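Comments concern the structure below.
The values are calculated or read from the model by the stated rules, or taken from the named source; none is laboratory data. This one's a predicted model, so the numbers in the text were calculated from it and none came from an experiment. Using ideal geometry, Cβ is built from the backbone for each residue, glycine included, and neighbour counts are taken over all protein chains shown. Keep in mind that these areas ignore ligands, DNA and RNA; they rest on the heavy atoms of the full protein, side chains included. Shrake-Rupley method; radii C 1.70, N 1.55, O 1.52, S 1.80 Å.
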Amino acid sequence: MSESIPIYRAEVLDHVEVAPEHFVMTLDAPEIAREARPGQFVMVRSLGTWDPLLPRAFSVYHADAEGGCIDIMYRQVGRGTGRLRLNEPGVHVQLWGPLGKPFQLADVEQVVLVGGGVGVPPIVFYAEYLDRLLAPVKVVALIGASTETFLVGIDHLQRANATVRVATDDGTAGHHGYVTQLLPEYLEDTPTAVYACGPMPMLAAVARITEAQGVPAELALEAPMACGVGACLGCTVPRREGGYARVCTDGPVFRPEEIAW
């Protein structure tokens, strides 16, 4: 572990299910809450057990600098997130961050945020950040999920004054199909930048669409991580120009043209 990144013992303040299999954990982390920016992530590991040994990476969902707490969202899918679910309020977890490069705001009139699955947290965090700007831009949020019950973060986006549209794979809510199918209509008339986080196929589609239209974009990649600080090389992705990038330290935010999709 890098000496420049302190490890905290953070108390769980709240832990609630917000959709089937989807949970939001609130952590007492004043140092991280002050420093975190949209697109960055933290590493979390349950205490009191060595199984699983490795921590898990989670994008910051909310950061309350005044209250000194952060939220992470996750979907319970395996041993790591299953063990995380057992951490009730009052329990402490191991935490370090904020890590990685955040989103950078382009000089545009409109921002389109695209989120899919558990890629929604940094999209919500960014919408809240944009809503606090002195000269706010128009914000459109396109949110996708496999089915209506897995749509998350919609109420937070609406409170942040974003125009929200949803898409579901099974057609139970909004557009019947991929969320990226909603994107082209917002790239035609107004100077726009696109920011996205979600599964790799979704990000590859956003990259193809924005590059074809000549629209600036930044994509927050998701990858398995064991350390979050570039030591383990477990989160590498191929660069278009050759070689590999570490998602944790070179990203997680990349421009579309940087990655060999």
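Residue-wise HN-Hα couplings along the range 228-245, as the Karplus relation 6.51 cos²θ - 1.76 cosθ + 1.60 with θ = phi - 60° gives them from phi, are x, 10, x, 7, 8, 6, x, 10, 6, 10, x, 8, 5, 7, x, x, 10, 10 Hz; Gly and Pro carry x.
Carbon and sulfur together cover what percent of the accessible area of the chain at a 1.4 Å probe radius?
On the way: 5810 of 11830 Å².
Ligands and nucleic acids excluded, carbon and sulfur reach 49 percent.
Applying Stokes-Einstein at 25 °C and 0.890 mPa s to the Kirkwood radius of the chain, computed over alpha-carbon pairs, gives a translational diffusion coefficient of 132 µm² s⁻¹. Normalised by the number of residues in the range 161-261, the mean separation of alpha-carbon contacts (under 8 Å, six or more apart) gives a relative contact order of 19 percent. Per-residue 3J(HN,Hα) values for the range 38-46, derived from phi via the Karplus relation 6.51 cos²θ - 1.76 cosθ + 1.60 with θ = phi - 60°, read x, x, 7, 9, 10, 9, 10, 9, 5 Hz in sequence order (x marks Gly and Pro). For the pair the range 17-64 / the range 96-145, the C-alpha centres are spaced 18 Å from each other. Here the peptides 242-248, 32-38 are ranked by packing, the mean other Cβ count within 10 Å, and the order with the highest first is 32-38, 242-248.
For the range 104-243, what number results from the quotient of the Cα radius of gyration and 2.2 N^0.38 Å?
For the range 104-243, the normalised Cα radius of gyration is 1.06.
The label-point distance for residue 189 and residue 131, in a model that sets each label 7 Å from Cα toward Cβ, rounds to 2.6 nm.
If R0 is 41 Å, what FRET efficiency do you get for residue 16 and residue 244 from their C-beta distance, rounded to 0.05? Calculated transfer efficiency: 0.60. When the chain is treated as a Gaussian network with alpha carbon springs shorter than 10 Å, the biggest mean-square fluctuation among 20, 224, 199 belongs to 20.
In this structure, the amide hydrogen of residue 40, modeled 1.01 Å from its nitrogen in the peptide plane, lies closer than 5 angstrom to those of 60, 103, counting only residues at least 5 positions away or on a different chain. In the context of the full set of protein chains, the chain has a per residue accessible area of 45 Å² (1.4 Å probe).
Per-residue extension of 0.36 nm, minus the Cα-Cα distance of residue 76 and residue 109, leaves a gain of 8.1 nm for this segment. Residues whose amide H falls under 5 Å from that of residue 245, counting only those 5 or more places apart or on a different chain, are 237, 239, with hydrogens built in the peptide plane. For the range 123-163, the Kirkwood radius over C-alpha pairs fed into Stokes-Einstein at 10 °C and 1.306 mPa s yields D = 148 µm² per second.
Against the chain, whose longest principal axis comes from its Cα atoms, helix 120-131 is set at around 70 degrees.
Within the range 85-114, what residues put their amide N at less than 14 Å from the label point 7 Å along the Cα-to-Cβ vector of residue 223? Of the residues in the range 85-114, 100-101 have backbone N under 14 Å from the label point off residue 223. When you filter the chymotrypsin sites (Phe, Trp or Tyr not before Pro) in the range 1-95 for DSSP loop state and at most 10 other Cβ atoms inside 10 Å of their Cβ, you are left with 50.
For the range 1-84, the relative contact order comes to 30 percent (Cα pairs under 8 Å, sequence separation of at least 6).
Based on DSSP H segments of at least four residues, each scored -39500 (n - 2.57), the chain has a per-residue ellipticity at 222 nm of -4500 deg cm²/dmol. Scaled to the globular estimate 2.2 N^0.38 Å, the Cα spread of the range 62-187, given as radius of gyration, is 1.17.
Rg and Dmax, both from the Cα atoms of the range 166-261 and both in Å, are 14.8, 44.
Here the chain is assigned +1 on the Cβ of each Lys and Arg and -1 on the Cβ of each Asp and Glu. Its dipole about the Cα centre then comes out at about 600 debye. For the chain, the relative contact order comes to 18 percent (Cα pairs under 8 Å, sequence separation of at least 6).
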